[in-house]
Amino acid sequence: MAEDSGQEPKKKGGAIKWIILILLLGALGGGGFFAYQKFFAAQPDDAVEEPKEEQAAEGEDPGTLPGDGFTVTLPTFVVNLADPLGRRYLKLGIDVEVVSEETVAELSKKEPMVKDTLILLLSSKTYQDLSTMESKILLKKEIVDRLNQILGGSKVLQVYFTDMVIQ
């Protein structure tokens, strides 16, 4: 009987290991299912949003989100920064996302005003003003605000930096 009592704890320990293993696999499977539902099953919802994009293109939906509009590439800007020694410059490529094709045409028509405004804005910055990520995000917001002032209203959705060199 001494031998039987010695083998029973091993069987119980093995059974506990199997139960823990099954519970862990169940938890991993549940987590995998949740991740699938959250991230991968959401893709059909993107296809449902396509009619909204068509409405935004026609100017019917004033609540257009970034990524839903038309993109315009502005010429590359090269300006001297407002540093004390004046030896630093900024080269900046910008794409502008607007709400409609009419705004694309309006932006092209007002290109001299856009260039003037952006050159004045960019040349007023120092190296310190552009050195952090937060300051670059703030610069994007300032550019959107200035362009919306020129175009009248909230026609510019987002500004994308396609090239940025500070030397």
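The values are calculated or read from the model by the stated rules, or taken from the named source; none is laboratory data. Predicted, not measured: the structure shown is a model, and the values here were computed from it. Cβ sites come from the backbone with ideal geometry, for glycine too, and all protein chains shown count toward neighbours. Side chains included, ligands, DNA and RNA excluded: accessible areas come from the protein's heavy atoms. Shrake-Rupley method; radii C 1.70, N 1.55, O 1.52, S 1.80 Å.
A few notes on this one:
- With respect to being touching an Asp or Glu at 6+ places or on another chain (Cβ under 7 Å), at pLDDT 90 or above, on the phi < 0 side of the Ramachandran plot and outside any loop (DSSP other than H, G, I, E, B), residue 121 fits the description.
- The stretch 87-109, subset touching a residue at least 40 places away in the same chain (Cβ under 8 Å), aliphatic (A, V, I, L, M) and outside any strand (DSSP E or B), residue farthest from residue 121 (Cα to Cα): 99
- One residue from 136, 115 being open to solvent by 30 Å² or more (accessible area, probe 1.4 Å), part of a helix (DSSP H, G or I), closer than 18 Å to residue 163 by Cβ and free of Cβ contacts under 8 Å to residues at least 40 places away in the same chain: 136
- Failed item, numbered, when residue 84 is tested on (1) in a loop (DSSP other than H, G, I, E, B); (2) crowded, with 17+ Cβ neighbours inside 10 Å: (2)
- Cross-chain or 6+ apart pairs with Cβ under 7 Å, the stretch 139-167 first and closer than 19 Å to residue 113 by Cβ and without any contact (Cβ under 8 Å) to a residue 12 or more places away in the chain, then open to solvent by less than 50 Å² (accessible area, probe 1.4 Å) and of a type outside the set (Asp, Glu): 148/156
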